[in-house]
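The values are calculated or read from the model by the stated rules, or taken from the named source; none is laboratory data. Note that the coordinates shown come from a computational prediction; the quantities given were computed from them, not determined experimentally. Because the Cβ atoms are built from the backbone with ideal geometry, glycine has one as well, and the counts that use them run over all protein chains shown.
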């Protein structure tokens, strides 16, 4: 009888069983995650120009809506500004200007840090801070321009005599007007 001996297991291992990640693999993963996180943070943080454009577009829409509200309700409205904020006014039953406080659309607003309202002109005449820009109930407002700026850029909100309100980056030529989008 031929007896076979069991095969000997050699001390040389062909396959090494891995029980974890190497330091190099962990470092590569951390570097890739760091780069990806950095790109996400850059995309999520708006720059100064983006914030300025958004605030200008918001103001343009509010002014256009205030003009429409004045004409549809038959009561004149007005807008006034200080350096870092603005508010809306409405004529009351006694024909006096009353500050709008509790309306969700026309409530007083404070601009984000670093953004301020500069020069406000009505028919090419400068309006002092705190003076009102009237939005008539019976006619469209005269042309106006409100300059909003921060440390890196300046933008104008321009009201036309047709009632349309647009936003223009001050570094763009006059032909390149941007329509305020919601």
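Whether any residue in the range 63-78 is surrounded by 17 or more Cβ atoms within 10 Å (Cβ to Cβ), closer than 15 Å to residue 155 by Cα and under 18 Å from the mean Cα position of the chain (by Cα) is what I want to check.
no
So, in the range 110-132, how many residues would count as being outside any loop (DSSP other than H, G, I, E, B), without any contact (Cβ under 8 Å) to a residue 40 or more places away in the chain and in contact with a strand residue (DSSP E or B) (Cβ under 9 Å, 6 or more places away or on another chain)?
Here the count works out to 10.
Restricting the search to the range 102-122, which residues are under 16 Å from residue 63 (Cα atoms) and either over 25 Å from the mean Cα position of the chain (by Cα) or surrounded by 10 or more Cβ atoms within 10 Å (Cβ to Cβ) (or both)?
Of everything in the range 102-122, those that are under 16 Å from residue 63 (Cα atoms) and either over 25 Å from the mean Cα position of the chain (by Cα) or surrounded by 10 or more Cβ atoms within 10 Å (Cβ to Cβ) (or both) turn out to be 103, 105, 106, 107, 108, 109, 110, 111, 117, 120, 121, 122.
Is there a residue being over 21 Å from residue 82 (Cβ atoms), at pLDDT 90 or above and surrounded by 13 or more Cβ atoms within 10 Å (Cβ to Cβ) anywhere in the range 129-142?
No, the conditions are met nowhere in the range 129-142.
Taking residue 137 and the conditions (1) touching a residue at least 60 places away in the same chain (Cβ under 8 Å); (2) out of contact with any helix residue (DSSP H, G or I) (no Cβ under 7 Å at 6 or more places or on another chain), which numbered condition does it fall short on, given that it satisfies the others?
The number of the failed condition is (2).
When you check residue 63 against the structure, is it touching a residue at least 40 places away in the same chain (Cβ under 8 Å), under 19 Å from residue 164 (Cα atoms) and out of contact with any strand residue (DSSP E or B) (no Cβ under 7 Å at 6 or more places or on another chain), yes or no?
no
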